[in-house]
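The values are calculated or read from the model by the stated rules, or taken from the named source; none is laboratory data. Keep in mind that what you see is a predicted model, and the values were worked out from it rather than measured. Positions of Cβ are generated from backbone atoms using ideal geometry, with glycine treated the same way; all protein chains shown enter the neighbour counts. Each accessible area value is taken on the protein alone, full model and side chains, heavy atoms only, with ligands, DNA and RNA left out. Shrake-Rupley method; radii C 1.70, N 1.55, O 1.52, S 1.80 Å.
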Amino acid sequence: MTDDLPAEAGRSSSGRLPSRRAAVRRRSWLAAGSLLLVAGALVLDAAVLAARVDRVPVELREGPGTTWVLIGEDSRADLPTGMAAGDVGTPEQVPGSRADVVLVLHSSGERTTVLSVPRDVVVSTPTGGGRLALTWLDGPQATVDALCSLGIPTDHLVSVDLAGFAAVVDALGGLEVDVPAAVRDPLAELDLARAGVQHVDGRTALALVRSRQPEELRADTWVPAPADPDVRARTAAGLVQALSAAADDARLRPWRLQATAWAASDALTVDEGTSAGELAALASADLGPVSVLPVGDPVNGTLARFPTEETAAAVAAAGLSCDA
């Protein structure tokens, strides 16, 4: 049994029943208002993120196509959470910042090439010559000029420090990496007890790329890993591909994408001409395979490695040139 409704129930003050069209209009306005609020929040968020990115003055050395130079800095001034300065040295013990990882991404419009440049390749400097990693001690301009001596231009320059790299990896939810053998390096705080594909956090990813004295597990015994001057450049290449895959996955998870953008905006330093939109395009780029730039073997037991004819050929094959 139902109660009879009063005759005036559901009527407007004019005595007419509300039209369905009016109700739909109200819902449409509410939806439009909500979209405007979301759009406004996104614009504000983008402005805040852009403001958090540090800028550095540098005279770029432009070339054909578009070339991004990505630098992983090795500075003790800002360490990842939980990493003790005693493990890697204090800023007083290891002053300044070196270019520990150097990646070059070149797009001709038709194809994209990514090169991992060995940090110990000898480059031309105003004082004669030196290892690429050390040019960062004299500032970004010195590194840009030094890369040009190899035929590598710079249209955009991006650098990230140790803590920033680890924070970005953690914001992405970690990385899937393929480790050919169980590996450890106490000085780098690296300890992966098994081989194969595994999920790593930011500190472990950083330890992989920073490892200088790795040991591998062979027949239940830890032994020094085979000497390979390209191992760090190759590891950096693998991590970049893993980062790209994780960034692709993050696009399906807006909350993770937001966290990653926030972490990256606090971690990056870029040249003054690179816009937030260009950084976003870089983050969404399909990198494909990453190759290690071939250079000579270490000279007389030192770290120094000189460029060779293969170096020049690889640079030219990638479409890179400082002559434009």
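Quick look at the values:
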item	result
Backbone HN-Hα couplings from phi across the stretch 223-236 [Karplus 6.51/-1.76/1.60, Hz, Gly and Pro as x]	10, x, 5, x, 5, 8, x, 9, 4, 6, 5, 5, 5, 4
Accessible area of the stretch 211-324 belonging to carbon and sulfur atoms, whole % at 1.4 Å probe	57
In nm, spacing of pseudo-spin labels at Ala285 and His199 (7 Å Cα→C-beta vector)	2.9
Efficiency of FRET from Cβ geometry, Ala312 and Leu187, R₀ 35 Å, rounded to 0.05	0.50
Label-point separation, Ala227 to Glu59 (7 Å along Cα→Cβ), nm	4.1
Percent breakdown of C-alpha pair distances by 10 Å bin, ordered from the shortest bin, for the stretch 161-249	17, 53, 26, 4
Three-way shape call for the stretch 141-192 based on the alpha-carbon gyration tensor, with the a/c threshold at 1.5	prolate
Average accessible surface area per residue within the stretch 200-324, 1.4 Å rolling probe, Å²	54
